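Down below is the structure, laid out as structure tokens.
The values are calculated or read from the model by the stated rules, or taken from the named source; none is laboratory data. Keep in mind that what you see is a predicted model, and the values were worked out from it rather than measured. We place every Cβ from the backbone using ideal geometry, glycine too, and count neighbours over all the protein chains shown. What goes into the accessible areas is simple: the full protein's heavy atoms, side chains included, and nothing from ligands, DNA or RNA. Shrake-Rupley method; radii C 1.70, N 1.55, O 1.52, S 1.80 Å.
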Number of protein chains: 2
Amino acid sequence: MNNKKIVVVGGVAGGASAAARARRLDEFADITMFEKGPNVSFSNCSLPYHLSGLIPDADSIVLMTPDQFKNQYNIDAEINSEVINANVSKKEVEVKNTQTGELKCVPYDELILSPGANPIMPGCIKGIDHDNVFSVRNVVDIKKIHTYLEVNKVTDVAIVGGGFIGLEVCENLAQTDKHVSLVEASEHVMGTIDDDFAELIHKELYDHGVNVILNDGLAEITDDHIKLGSGNKIKAQVVIMAIGVKPDVALASKIGCKLGLTGGIAVDQHYQTSIPNIYAVGDAIEVSHMITRKKTRLALAFPAQMEARDAIDHIYGRTIENRGVIGSQAIHVFDINIASTGLTESECQKDGIDYRTATVIPKSRVGIMPDATPLYLKLIFGYPNGEVLGAQALGKSDVDKQIDIVSTMISMHGHISDLTHLEVCYSPWFSTAKNAVDMAALVAENILNGEFKQVQVSEIRKLVEKNAFIIDAREPFEYEEGHITTAVNIPLSQFRQRLDEIPNDCPVYVHCLSGQRSYNMVRALNNRGYKNVINISGSYLELCEYEYFKDQTTDRKPIVTNYRFDLL
Amino acid sequence: MNNKKIVVVGGVAGGASAAARARRLDEFADITMFEKGPNVSFSNCSLPYHLSGLIPDADSIVLMTPDQFKNQYNIDAEINSEVINANVSKKEVEVKNTQTGELKCVPYDELILSPGANPIMPGCIKGIDHDNVFSVRNVVDIKKIHTYLEVNKVTDVAIVGGGFIGLEVCENLAQTDKHVSLVEASEHVMGTIDDDFAELIHKELYDHGVNVILNDGLAEITDDHIKLGSGNKIKAQVVIMAIGVKPDVALASKIGCKLGLTGGIAVDQHYQTSIPNIYAVGDAIEVSHMITRKKTRLALAFPAQMEARDAIDHIYGRTIENRGVIGSQAIHVFDINIASTGLTESECQKDGIDYRTATVIPKSRVGIMPDATPLYLKLIFGYPNGEVLGAQALGKSDVDKQIDIVSTMISMHGHISDLTHLEVCYSPWFSTAKNAVDMAALVAENILNGEFKQVQVSEIRKLVEKNAFIIDAREPFEYEEGHITTAVNIPLSQFRQRLDEIPNDCPVYVHCLSGQRSYNMVRALNNRGYKNVINISGSYLELCEYEYFKDQTTDRKPIVTNYRFDLL
């Protein structure tokens, strides 16, 4: 029997994983990996960190050279080699050397497409083809940006798009001496989290000197500024485009692979395309969402690797199981970490999924330990069945841990009752005795049981404007340091003696610092026969974070007398 | 209807949680909490951190005062009040004021026992009643130790027992100017993890100047030294006993509550004792293990809180679900973190549970990022069914995250195949693209499938002694820096050209730095028809950590030419 010929298109996350897995299963296969760029196996997620110098040597981002692939895995990794076509009946690919233009045909038994995704560069925008406009896809890109910034002594950079790449580039450039503007066309950065937590990121960006522009899009690029849809001009000698990526389906389309409704390459449960012996994995494909069961796309390194492994396993006759994706993600922005998994509130709304949320703000570790900081956690769960649908977490500490607990639970189709039965590890060094996820799950259980009502901090401004009855349940000294303008201070420690101040003929909203004391007051008032008492979820801590950025950047009137930021 | 009278015995984790939960469910109950010590609601797990000054004010360890309980929750928290008896037919408790000796009877409708556990102080040891002998149970204890050390200008402390409290006290005292000896009667510290990882803790202790004594017990205490079972004497003006705790069942026994086989108070699925209207929770009770289904005891704060909540919920007619415990725990010792969940290897062996392990040592984050350190993770899973049984993790980074992912999976009765389908969040800031748990699960899956064989680092000394054929698959420069004395250097990058050096008529053991390159070589050699190729799990990194402490503290001959410690 002849050796199996495996050809892989693309040499980064999906491609390199596929080639290495094939070698482990088959020592005698002929494995060739074609990469159109000059590098294989680089850590694309690490690229932004070169801009701040955190990763001083851009070449170190390349994790394996073609020589190493050859020597260690006996894999031919051919760089500067673009697969431009395939003859699927003859089962061979046509490869072009991007430096010499030379063409060659290479036969395959199995072809794995892992072409990735390309940054979206809208051709309609005037100036987008200027040489001061960049995107961030590979090591070459990041070197080019780095060099251009240095050579041209650039002082002002505009980043267009507030997703993962935009935010990471923003953070890393702001840590140099550049003045950075971040332009986001929608209401908030990071589409993968909801408005409430995104406001906390806006504040973080603002606090670090980033010029954050929301609800405004790029209209035109010149040598020294950009013009926005609003007509505003922003000084910028360099523009970095990060408005998103589109799957690179050029080759797949050309050779006749079917595309899915989302524009990605359509694959079956084994990552096979519509053409026999051709598989596709990674950012270019369409995948199924584990929760919504809908087709979606997910441009992340981790799923790409696992898809690659599965595709190769299927080639070698192994049974694989395609459970779909949930979209777990994490990002570090200046001093805070943000992570999320599963569905957001807005995705639930879009998909018509009935849901509820539970937000808690415990400390990251026992409060008397040094460096205990607030940990914002929002759990999103199905109503009425309590299925865990998603979570978002934000803070200076290990928010990724909380999200990974929830993502593990989602992967097992767990319910809120499963989260309340978690037994995670505890020491004052690592967390509070009741971990954030447990705490949120207990709140969620109460909400599922209809035991109390809540509103989100996003609704407080309206309540203040219509002069709703708001109780601040904190101690007087806390109230004095800053409070909601219209709130009445009735501390949890005094309310039983001051019940006559609390009306029972109108809604009563209660908040404290993080929501714990107010929750206890809400329960007590409910027990005492108050019919319409509502907890302000997130309470003063989240409210201040939520209001701050817009208060600073618009002329509206603040609804708090003084901000309190325990994240600082 | 009269208000329900709820009496709680014990005012720390379980007791305080029970009282607070009762108030949330019933605003009108008469809730009284009796605590025999002078403080309620203190963070007992934080006590050791006062000894180093990390928590400078011991009083800050008390999280809530009786006044706060009264004002905020309308709960009567009576301190210095020991419940010494109960008349279960009259439903009243007899309470003694420990300062005045005064007695009173207090009626209850429901009685919650949360008396905790007492440090074991073997009366047979001569000198154990000296005033230089301490244990660590509450704020009074820790203040007493702190004062005694200062007043008597103590230079040498012996800590007896290498469990959680012993290690934490050891760490915190060693960070002052004291010379600390840690005496452990068994082969290794921390009974909740296995020998292999415990050796890494021995090294950490040794590196920080702790005099670690294993396999030796306390025989006698004098004013300036302790005598061990071996006859050795250790200088110590202060002795801290931390050999374990026993459930405080004095009151429960006296009033006739049945005890379980493990010596804890027996409770049913609702935490009811054998006597009607008496519940028990926390360190004093016997619980069921979720995996072994056996009765056990678990002296941890987190389960105590949850049990308290469940007991109260049951009193108020709510349905609760008792799923048993798994024993997740975490500890910080000098520069490393250690966490574990579920069963250890030795517990599996003791219980006759067939199991396998998968150990991986990825970096804590992408290797090119600063502060990427090795993360040791061992997954323990059932054979042949692949059920996830336990995990242990150790390193300078967020090992608690890895363990919480696994504990979540265990709580859902997940299998290795469920762990391989995890989708956790990734950014180079937080982890490697393939997270440690996923990596370990993939190795575990290969082991379940019988795809390769492995030995543990604990077996390497024997292999060296009998001159087994060991391949070091690292690059020559790495081999030069230090290697197993008898190993042959055949790098992964060269072995295909050097196959004639690899025998096929005897077992061939392969290692590299962390196990990844050796695994690839093992797979390739298997594919090439080698019948008996075995991967050394943990490889050089774990081997050096494993061997070091005994090499330094005994006169045996090292089996490596030079140690390599990437944890440093």
Check the range B:306-317 and report whether any residue there is under 25 Å from residue B:12 (Cα atoms), open to solvent by 20 Å² or more (accessible area, probe 1.4 Å), modelled with pLDDT under 95 and more than 9 Å from chain A (Cβ to nearest Cβ). no
Among the residues of the range A:198-228, the number that are in a loop (DSSP other than H, G, I, E, B) and over 25 Å from residue A:548 (Cα atoms) is 3
If you go through the range A:325-362 one residue at a time, how many are part of a loop (DSSP other than H, G, I, E, B), small (Gly, Ala, Ser) and more than 9 Å from every other protein chain (Cβ to nearest Cβ)? 1
List the strands (runs of 3 or more DSSP E) inside the range B:460-568, counting only whole elements, that have at least 1 residues being away from chain A (no Cβ under 14 Å), open to solvent by less than 10 Å² (accessible area, probe 1.4 Å) and in contact (Cβ under 8 Å) with a residue 60 or more places away in the chain. B:469-472, B:533-536
Residues of the range B:242-273 that turn out to be touching a helix residue (DSSP H, G or I) at 6+ places or on another chain (Cβ under 9 Å) and part of a strand (DSSP E or B), as a count: 5
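Tell me which residues, restricted to the range A:425-442, are among the hydroxyl-bearing types (Ser, Thr, Tyr), at the interface with chain B (Cβ under 9 Å from one of its Cβ atoms) and open to solvent by 10 Å² or more (accessible area, probe 1.4 Å).
Within the range A:425-442, just A:426 meets the criteria.
Is there a residue being of a type in the set (Phe, Trp, Tyr) and in the same structural domain as residue A:103 (by TED's automatic domain parsing) anywhere in the range A:48-56?
Within the range A:48-56 (the criterion being of a type in the set (Phe, Trp, Tyr) and in the same structural domain as residue A:103 (by TED's automatic domain parsing)), the answer is no, since none of the residues qualifies.
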Assigned to a helix (DSSP H, G or I), more than 21 Å from residue B:539 (Cβ to Cβ), in contact with a helix residue (DSSP H, G or I) (Cβ under 6 Å, 6 or more places away or on another chain) and not small (Gly, Ala, Ser): does that describe residue B:400? no
For the range B:152-164, which residues satisfy the criterion of being open to solvent by less than 30 Å² (accessible area, probe 1.4 Å) and not in a strand (DSSP E or B)? B:154, B:161, B:162, B:163
When the range A:397-429 is examined, which residues are found to be under 22 Å from residue A:456 (Cα atoms) and of a type in the set (Lys, Arg)? none
Of everything in the range A:1-12 that's open to solvent by less than 20 Å² (accessible area, probe 1.4 Å) and in contact with a helix residue (DSSP H, G or I) (Cβ under 9 Å, 6 or more places away or on another chain), which residue is nearest to residue A:62 (Cα to Cα)? A:11
Quickly run through the range B:374-424 and pick out the residues that are more than 10 Å from chain A (Cβ to nearest Cβ) and either of a type in the set (Phe, Trp, Tyr) or open to solvent by 20 Å² or more (accessible area, probe 1.4 Å) (or both). B:376, B:381, B:383, B:384, B:385, B:387, B:396, B:415
Is it the case that residue A:443 is in a helix (DSSP H, G or I), among the β-branched types (Val, Ile, Thr) and more than 21 Å from the chain's Cα centre (by Cα)? yes
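Let's see how each residue does on (1) closer than 30 Å to residue A:237 by Cα; (2) in contact (Cβ under 8 Å) with a residue 60 or more places away in the chain; (3) crowded, with 18+ Cβ neighbours inside 10 Å:
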{"position": "A:67", "(1), (2), (3)": "no, no, no"}
{"position": "A:106", "(1), (2), (3)": "no, yes, yes"}
{"position": "A:116", "(1), (2), (3)": "yes, yes, yes"}
{"position": "A:123", "(1), (2), (3)": "yes, no, no"}
{"position": "A:128", "(1), (2), (3)": "yes, yes, no"}
Test result for residue B:188, over 26 Å from residue B:285 (Cα atoms) and open to solvent by 60 Å² or more (accessible area, probe 1.4 Å): no
Lone unmet requirement of (1) open to solvent by less than 10 Å² (accessible area, probe 1.4 Å); (2) in contact (Cβ under 8 Å) with a residue 60 or more places away in the chain for residue B:363: (1)
Breaking point among (1) β-branched (Val, Ile, Thr); (2) under 29 Å from the mean Cα position of the chain (by Cα); (3) under 25 Å from residue B:504 (Cα atoms), for residue B:553: (3)
Kindly provide the set of residues from the range B:140-151 that are over 22 Å from the mean Cα position of the chain (by Cα) and crowded, with 21+ Cβ neighbours inside 10 Å, ordered by number. B:145
With respect to residue A:275, determine if the residue is of a type in the set (A, V, I, L, M), in the same structural domain as residue A:26 (by TED's automatic domain parsing), at pLDDT 95 or above and surrounded by fewer than 24 Cβ atoms within 10 Å (Cβ to Cβ). yes
Looking at the range A:278-305, which of its residues are assigned to a strand (DSSP E or B) and either touching a helix residue (DSSP H, G or I) at 6+ places or on another chain (Cβ under 8 Å) or facing chain B (nearest Cβ under 10 Å) (or both)? A:278, A:279, A:280, A:285, A:287
Within the range B:119-139, is there a residue that is over 26 Å from residue B:217 (Cα atoms) and at pLDDT 95 or above? yes
Between a first residue in the range A:347-359 that is in the same structural domain as residue A:446 (by TED's automatic domain parsing) and a second residue that is open to solvent by 70 Å² or more (accessible area, probe 1.4 Å) and part of a loop (DSSP other than H, G, I, E, B), which pairs have beta carbons less than 8 Å apart while being 6 or more apart in sequence or on different chains? A:348/A:354; A:351/A:294; A:354/A:383; A:354/A:384; A:355/A:383; A:356/A:383
